[in-house]
Amino acid sequence: MKRIVWIIITVTLILTFACKTQKNADQINESYSISDDGTASYDDVSNMLVKVNEFSFDFFSEISQQYSNDNIAFSPASLNLVMGVVYSGARGKTRNEISKTIGFPDSPDIFHPLYYAWYTEIQNMASDTLVEFSMANRVFVEESYPVSETYKQDVKRWFGGAFDTTNFIHDPRQSEFEINKWVEEITRNRITDLIPQGSLTQLTRLVMVNALYIKSSWKYPFDEAKSTEKDFTALGGETFPATFMIQQAKGIPFYENDKFSAVELPYVTPELSLLIIRPNIKIVNDITDYIPDSESYKTILNELTRSEVAMEIPRLKIDSKFSLSQNLKRKGIKTALSNRADFSGISSLNDLSVSNVFQKVFFEMDEKGSEAAAATGAVMVTTSLPVNPPEPKQFIADRPFLFILKENRYNTPLFIGQYVR
């Protein structure tokens, strides 16, 4: 079957520490207006996501610099989803820093409906028969630890989350096994041993997990018989052999300027598409120069033009694992990761802080596709041609490039990655 596969796991570990901190008054962003029944409009969600997307691209840019010579895949959406669960239990300066850094409104009454509308839109893909999809938020709690009933209700209502009790104090190894088993089930056994042995201790009180699994087929399949081996020019100019998928198709959204070109590859499901950004120059020394910000990302999407495009794109298979706590601190989320954290919204004991934030991603792309995808792709062609048809656009991804898997209602980047060698 011709498909692209993404699997993402984000885990936030919250450990017990005594903490006292001042509380700041909520700062309600008056650019949002939530209806009386607690629902958010499309425009309000979009306005929030402009800020969230800015954080997402900026955060990936920092990770890209850390792993500049590696192929990596990262999910800003999964990070932001799990940080929403963290935000909901934060108070005062702790919440304010999360809000300011990621772009969440600094008021739960505004944030919760916006988050719920965004989360629900992504979750609706579970009912799409053209994509294999599963997503879940889960909070694993020490069985003796008192969690606020209000927080439990908020997590269930606004985040579609559930709570599982476990025994971190007396058997942290068994708790690791239980969490890893749950992760395996959500990811179809693609990711195992997410929590390494010894990562949880007797001080662990909560583990917050967001798991996201997506598999879908191309709308315009690649012909495996046409795939060929040729050189890929890595960062700095060194070349390596790679297997390239080859296709020439009409109606492909295409964008180019004097710095880079981009194509948007559709899936059989209209809910998703993959944007690939390729530098125009052959020798690339720093791929971070081509990571868009929120505004340039919007420009690319607005100016895509359907064209006939001759494409050559290498097969990809990437495994990435990150510890993101230091990155979050550098971006401004400091108090939550210190003994001054205020998570009194989670428990009246107010003795929690974030210990670490882990993310693990698996990504694979090849030319295989389902029969349904091939049939659907056959009808998606231009029905007429001009007398003197233009030459097809060329998109040869034989040099470092970026890829963005996005959902198409809000254009949220679910995954961002780089292929550099």
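Since every read-out is calculated from the coordinates, none of them should be taken as a lab result. Bear in mind that the values here come from a model prediction, so they are computed numbers and not experimental data. Cβ: placed from backbone, ideal geometry, glycine included. Neighbour counts: every protein chain shown.
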For the Cα atoms of the chain, what angle does the longest principal axis make with the long axis of helix 108-123, in degrees from 0 to 90, nearest 10? 40
What is the calculated FRET efficiency for ASP109 to PHE163, with r their C-beta to C-beta distance and R₀ = 22 Å, to the nearest 0.05? 0.45
Taking each pair of different alpha-carbon atoms in the range 228-321 once, compute 1/r for the pair, average those values, and report the inverse of that mean as the Kirkwood hydrodynamic radius in Å to one decimal. 14.9
Separation in nanometres of the label points that stand 7 Å from Cα toward Cβ, at SER41 and LYS321: 4.7
Roughly how compact is the chain, stated as its Cα Rg over 2.2 N^0.38 Å to two decimals? 1.02
Hits among aspartates and glutamates - C-alpha to C-alpha of LYS93 under 12 Å, sequence gap 8 or more where chains match: ASP26, ASP106, ASP342
Only Cα pairs under 8 Å and at least 6 apart count here; give the relative contact order of the chain as a rounded whole percent. 29
Measure nothing fancy, just the Cα-based angle from helix 76-89's long axis to the longest principal axis of the chain, in degrees from 0 to 90, nearest 10. 20
Describe numerically, in nm with one decimal, the distance between label points set 7 Å from Cα along Cα→Cβ at GLU132 and at ILE283. 4.4
Give me the lysines in straight-line cross-link reach of LYS393: C-alpha distance below 29 Å, same-chain residues under 8 apart excluded. LYS2, LYS215, LYS219, LYS226, LYS230, LYS250, LYS259, LYS282, LYS298, LYS317, LYS368, LYS406
Sorted by packing (mean other beta-carbon atoms within 10 Å per residue), highest first, where do 395-403, 412-420, 286-294 land? 412-420, 395-403, 286-294
Ordered by fewest other Cβ atoms within 10 Å, a rough proxy for footprinting exposure, THR165, THR269 read THR165, THR269
Please list, or write none, the aspartates and glutamates whose alpha carbon is within less than 13 Å of the alpha carbon of LYS152, excluding same-chain residues fewer than 8 places away. ASP164
For the range 109-245, the Cα convex hull volume per residue in Å³ comes to 201
Work out how much length THR299 to ASN408 would gain on full extension: take 0.36 nm times their residue separation and subtract the Cα-Cα distance, in nm to one decimal. 37.7 nm
